[in-house]
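The values are calculated or read from the model by the stated rules, or taken from the named source; none is laboratory data. As the structure is a computational prediction, the values presented were derived from the model and not from experiment. Here the Cβ positions follow ideal geometry from the backbone for every residue, glycine too, while neighbour counts run over all protein chains shown. These accessible areas exclude ligands, DNA and RNA; they are computed on the full protein's heavy atoms, side chains included. Shrake-Rupley method; radii C 1.70, N 1.55, O 1.52, S 1.80 Å.
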Amino acid sequence: MAPLRHLLSIEDLGGAAGIEEVLRLTDSFVEVSERAIPRVPALRGKTVASLFYEDSTRTRLSFEAAAKRLSADTMSFSVSSSSVKKGESLRDTALTIEAMGVDAIVVRHSSSGAPQRVASWVGASVVNAGDGWHEHPTQALLDLYTIRQRLGGLDGRHIAVVGDVKHSRVARSDVLAFTALGATVTLVAPGTLLPPDLTGWPVETSHDLDAVLPNVDVVYLLRMQRERMTEALVPSLREYTARFGLTVRRAGRLADGAIVMHPGPMNRGVEIAPEVADLPASTIVDQVRNGVAVRMAVLYLLLGAGTDRVPTTDALALDPEEPLRRPAEVDA
Ligand code: ASP
């Protein structure tokens, strides 16, 4: 893979080889995350700012945890307490943050293409943390990592992506990522929740979840994106659940070993039954856990790797400024 300047789309990784490289690097950072002190000096002296114009729990905390575990400094911007409230534009806000000396800006925005615009204005690396209906590349990478961890690989796997595909940036990035690594994807949704034009999407479609479930290795449920819907696209949430929700009865149709995924936040009782979310087949907590290591890998590739993609022993060494163990742990 050519040196990575920004991560705006899964396509920036240049296909299967680049994606595999991020997944391999993630293995190193999973190992770091399991240490008693999960912190390494890899990005000491670098600063990572998060610029979030939309709500987030997982993605924001996970990028901040990733940056801190790499010993980078972090800066956090939140629209509700910033000068955006006074009318400051995205461009001026990005330039202001850059003027404070940042190396990477992690951007979430409700407009598709906003991270790309920021990348055209600043010298720092930009990571797309979700833009409108467009893409959410680090979500796709953590999904891939989780599937690989649970099922051993993507090649030849069949994945059903179920629900509000039309408004889902996760679906776009996931379809690109899953198919790049050799999986087959079936989108399962009512016609109103599929994109009107699927030309160029390497997918099958179905409106019959019950028929698809026994044949898949992964069922990936999407949240109903009510904040992005401008019209009533389903008669009611109850009817949506009746046809497309992963109820306990439907989960019983899954093949042995199949897994259930969801990017969060879940609408328990809408796209997924509460009991199903907590089954051993559900990977939802693993996805969140893997998200930190995947984002460490992405930040490392952008800011720390140079031409050497394998983290040096120094980069992964215990942080020399950290005490090795707290005294209580040494005594224990
Ligand atoms: N957290 C994901 C996103 O930001 C999925 C979702 O919100 O449904 O796109």
Expected single match for modelled with pLDDT of 95 or more, over 21 Å from residue 61 (Cα atoms) and polar (S, T, N, Q) among 173, 112 is 112
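Before we move on, is residue 222 in contact with a Gly (Cβ under 7 Å, 6 or more places away or on another chain) and either within 16 Å of the ligand (Cβ to nearest atom) or aliphatic (A, V, I, L, M) (or both)?
Details: in contact with a Gly (Cβ under 7 Å, 6 or more places away or on another chain): yes; either within 16 Å of the ligand (Cβ to nearest atom) or aliphatic (A, V, I, L, M) (or both): yes.
Yes, satisfied.
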Residues of the range 19-37 being of a type outside the set (Ser, Thr, Tyr) and either within 14 Å of residue 146 (Cα to Cα) or in contact with a Phe, Trp or Tyr (Cβ under 8 Å, 6 or more places away or on another chain) (or both), in sequence order, are 19, 20, 22, 23, 24, 25, 27, 29, 30
Do we have residue 56 as in contact (Cβ under 8 Å) with a residue 40 or more places away in the chain, at positive phi and in a loop (DSSP other than H, G, I, E, B) here? no
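With respect to residue 107, is the statement that it is surrounded by 14 or more Cβ atoms within 10 Å (Cβ to Cβ) and away from the ligand (no atom under 16 Å from the Cβ) true? Talk me through it step by step, then tell me what you get.
Values: surrounded by 14 or more Cβ atoms within 10 Å (Cβ to Cβ): yes; away from the ligand (no atom under 16 Å from the Cβ): no.
It is false that residue 107 is surrounded by 14 or more Cβ atoms within 10 Å (Cβ to Cβ) and away from the ligand (no atom under 16 Å from the Cβ).
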Could you please let me know if residue 55 is open to solvent by 50 Å² or more (accessible area, probe 1.4 Å) and within 16 Å of the ligand (Cβ to nearest atom)? yes
Checked against (1) without any contact (Cβ under 8 Å) to a residue 40 or more places away in the chain; (2) basic (Lys, Arg); (3) touching a helix residue (DSSP H, G or I) at 6+ places or on another chain (Cβ under 8 Å), residue 86 satisfies every condition except (3)
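Please work out which residue is least open to solvent (accessible area, probe 1.4 Å), limiting yourself to the range 183-202 and to residues that are away from the ligand (no atom under 16 Å from the Cβ) and either in contact with a Cys (Cβ under 9 Å, 6 or more places away or on another chain) or touching a residue at least 40 places away in the same chain (Cβ under 8 Å) (or both). I'd like the intermediate steps shown before the answer.
Of all residues in the range 183-202, those away from the ligand (no atom under 16 Å from the Cβ) come to 183-186, 188, 190-192, 194, 196-202.
After this cut, where a residue has to be either in contact with a Cys (Cβ under 9 Å, 6 or more places away or on another chain) or touching a residue at least 40 places away in the same chain (Cβ under 8 Å) (or both) as well, the list is 188, 190, 192.
Values: 188: 0, 190: 18, 192: 64 Å².
Per the criteria, the residue is 188.
Which residue is nearest to the ligand (Cβ to nearest atom), if the candidates are limited to the range 143-182 and must be of a type in the set (S, T, N, Q) and open to solvent by less than 10 Å² (accessible area, probe 1.4 Å)?
The first filter runs over the range 143-182 and keeps only residues of a type in the set (S, T, N, Q), leaving 146, 149, 168, 173, 179.
From what's left, open to solvent by less than 10 Å² (accessible area, probe 1.4 Å): 146, 168, 173.
On the way: 146: 14, 168: 7, 173: 9 Å.
Top of the filtered list is 168.
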Counting only residues in the range 29-52 that are open to solvent by 10 Å² or more (accessible area, probe 1.4 Å) and in contact with a Gly (Cβ under 7 Å, 6 or more places away or on another chain), the one farthest from the ligand (Cβ to nearest atom) is identified as 42
Those residues of the range 249-264 which are more than 16 Å from the ligand (Cβ to nearest atom), more than 15 Å from residue 209 (Cβ to Cβ) and in contact with a helix residue (DSSP H, G or I) (Cβ under 6 Å, 6 or more places away or on another chain) amount to 259
